[in-house]
Amino acid sequence: MRISVPWRLMRTPARDAGPETIVIAGDMTGAVLRGADLSGRSLAAARLTEADLTSANLAGCDLAEASLSGARLVAAQLGGASLVAAHLGGADLSRGNLRGAVLDGAQAPGATFSWTTARGVSLRDAALLGADFLQADMIEADMRGADMSGAHLNQAILIGASMQGATLRFANLSGADLDCALMDDCRASEATMEGVVLACASLSRADLTRAALRRANLVGATLTAADLTGADASAANAVGADFTEARLQGVRLGHATLCGADLTRADMEGADLRGADLRHASCAGLRAPGAKLREADLRGADLSGADLRSADLRDADLRGAVLTGAYARGADLRGARLDGTVLGGADLLDARLADARARGADLRGTLLEGAEMVGCDLEGADLSWADATDADLRGARLEAAVLHGADLTGASLDNAAMQNADLRLADLSSARLSHADLSGARLSLTRLHEARVYSTRFEGAQIDGVDLDACIPALVG
């Protein structure tokens, strides 16, 4: 079909260079320019809608504000070209060379950039909605403020790219490499980012709500004050990542690796961290009420002042962790490992610690009122001045434990093993001690008013200053 236009494409003899020269003039809609050498030309505002520029050489061209919607630019050479504010909607630039090209403010919704070489390309404030960048090489690209909503960036190479303030809502970045990328303040809610590499990337204040980040590489990434509410980062690797003051409500991080991560003052209410590795993580001031941390590895983690109300920590490993001043009312720590854990001043009111192992733990001044601690192993633990009023410690192991000044009023200690325990100045008024073993215990000035001591063993115990007649029934054994 012949194209009738007011201007024309002319091939005319050149005076000093080559057999012919291509002249672009007027409306070139639908023109066929396959393999044409237009390098260095000024084609600003040219009308090349649906033109065929396959394999054309447009390197260094000025195509600012040009109309290239629907144009075919497959394998075209556009290195160093200026396409500022150009119209590229639906254009096909796949397999082309855009190295160092400038497309700032370009309108390219639905355009195809698959397999392009576009290192150092500038796409600032460009409209790239639904554009396809599959496996594109865009190392150190400048995409600040660009709108890539719904774009396909699968397996794209965006190492060191600048994407601050960019919009990536519903975009697909699965398998993309964004190592060291700058994505502060970007908006990527509900983006698909499975297996994405974001190692050492900066995502401060980024919006990643409901994003899919399964198996993502977030090693050393900065996500301070980022919003990951409802995101799925299961099995992600976030070793050393910085989540300071991040919003992580309801986030899924099951079996994720967060060793050495910084979660200081982060909000993880209702988060799922089952089986996650949080060894030596900094979680001071963390807010995680109702969080699921079953079988999580928290060895050596700093949880001082953390809010763990009603958190599920069953079978979690907290050995050597610091929970000083933690607020863990109603937390479920059944079967947890707390050997050497520091819980001084923590609030464990009504917490469940049945069958937990807390040998040598520091529980000084801890609130354990009403706590369920049946079968808990507290051998050698320090509970000085702890408040364990009405706590259930039946069958607990308290050998050589320090309970100096502890309040055990009304506590159930039936069948408890308390050999060589230090109970000086402790208050066991109305406590139940049936079949408990206090052999060799230190009971100086211990209060046992109306304590029930049926078949309780006191062999070798130091009982100076103790009124055993106040016990119910009389001392037996």
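The values are calculated or read from the model by the stated rules, or taken from the named source; none is laboratory data. Owing to the predicted nature of the structure, the values given are computational and were not obtained by experimental measurement. Using ideal geometry, Cβ is built from the backbone for each residue, glycine included, and neighbour counts are taken over all protein chains shown.
Some notes on this structure:
- Check on D422, farther than 25 Å from G320 by Cβ and modelled with pLDDT of 95 or more: no
- Considering A301, A321, A336, A354, the condition of being among the aliphatic types (A, V, I, L, M) and more than 28 Å from the chain's Cα centre (by Cα) is satisfied by A354 alone.
- Test: residue in the stretch 451-464 that is in a loop (DSSP other than H, G, I, E, B), at pLDDT below 95, polar (S, T, N, Q) and crowded, with 21+ Cβ neighbours inside 10 Å: yes
- Conditions (1) among the basic types (K, R); (2) within 29 Å of A331 (Cβ to Cβ); (3) surrounded by fewer than 21 Cβ atoms within 10 Å (Cβ to Cβ); number of the one not met by R215: (2)
- The set of residues from the stretch 296-314 being in contact with a Leu (Cβ under 9 Å, 6 or more places away or on another chain), in a loop (DSSP other than H, G, I, E, B) and of a type in the set (D, E, K, R) comprises R299, R314.
- Residues located in the stretch 356-404, provided they are part of a loop (DSSP other than H, G, I, E, B), under 21 Å from A326 (Cα atoms) and of a type in the set (D, E): E369, D390
- Taken over the stretch 227-252, the criterion of being closer than 20 Å to A176 by Cα and assigned to a loop (DSSP other than H, G, I, E, B) is satisfied by L228, A231, A233, S234, A235, A236, A238, V239, A241.
- Pairs where the first residue, in the stretch 172-185, is in the same structural domain as A212 (by TED's automatic domain parsing) and the second is of a type in the set (K, R), C-beta under 9 Å, 6+ apart: L182/R144; D184/R205; D185/R205
- Residue selected from the stretch 235-246 under the condition buried (at least 22 other Cβ atoms within 10 Å of the Cβ) and not aliphatic (A, V, I, L, M), by the criterion farthest from A191 (Cα to Cα): D242
- Any hit, the stretch 440-449, residues being closer than 29 Å to G335 by Cβ and buried (at least 21 other Cβ atoms within 10 Å of the Cβ): yes
- The residue that is surrounded by the fewest Cβ atoms within 10 Å (Cβ to Cβ), counting only those in the stretch 354-385 that are farther than 16 Å from A417 by Cα and in contact with a Lys or Arg (Cβ under 7 Å, 6 or more places away or on another chain), is W385.
- Qualifying residue in the stretch 148-158 (condition: part of a loop (DSSP other than H, G, I, E, B), surrounded by fewer than 20 Cβ atoms within 10 Å (Cβ to Cβ), not polar (S, T, N, Q) and not assigned by TED's automatic domain parsing to the domain that holds S204): yes
- E379 satisfies every condition listed in (1) under 37 Å from the mean Cα position of the chain (by Cα); (2) over 17 Å from G440 (Cα atoms) except (2).
- Residue check for A166: small (G, A, S) and assigned by TED's automatic domain parsing to the domain that holds A221: yes
- Which numbered condition A127 fails, given (1) assigned by TED's automatic domain parsing to the domain that holds D104; (2) out of contact with any strand residue (DSSP E or B) (no Cβ under 6 Å at 6 or more places or on another chain): (2)
- Any pair with Cβ under 9 angstrom, 6 or more apart, that starts in the stretch 105-125 at a residue that is in a strand (DSSP E or B) and ends at one that is among the acidic types (D, E): T112/D92; T112/D132; T117/D137; S122/D104; S122/D142
- The stretch 411-426 - residue that is under 17 Å from R364 (Cα atoms) and not aliphatic (A, V, I, L, M) and, of those, surrounded by the most Cβ atoms within 10 Å (Cβ to Cβ): D422
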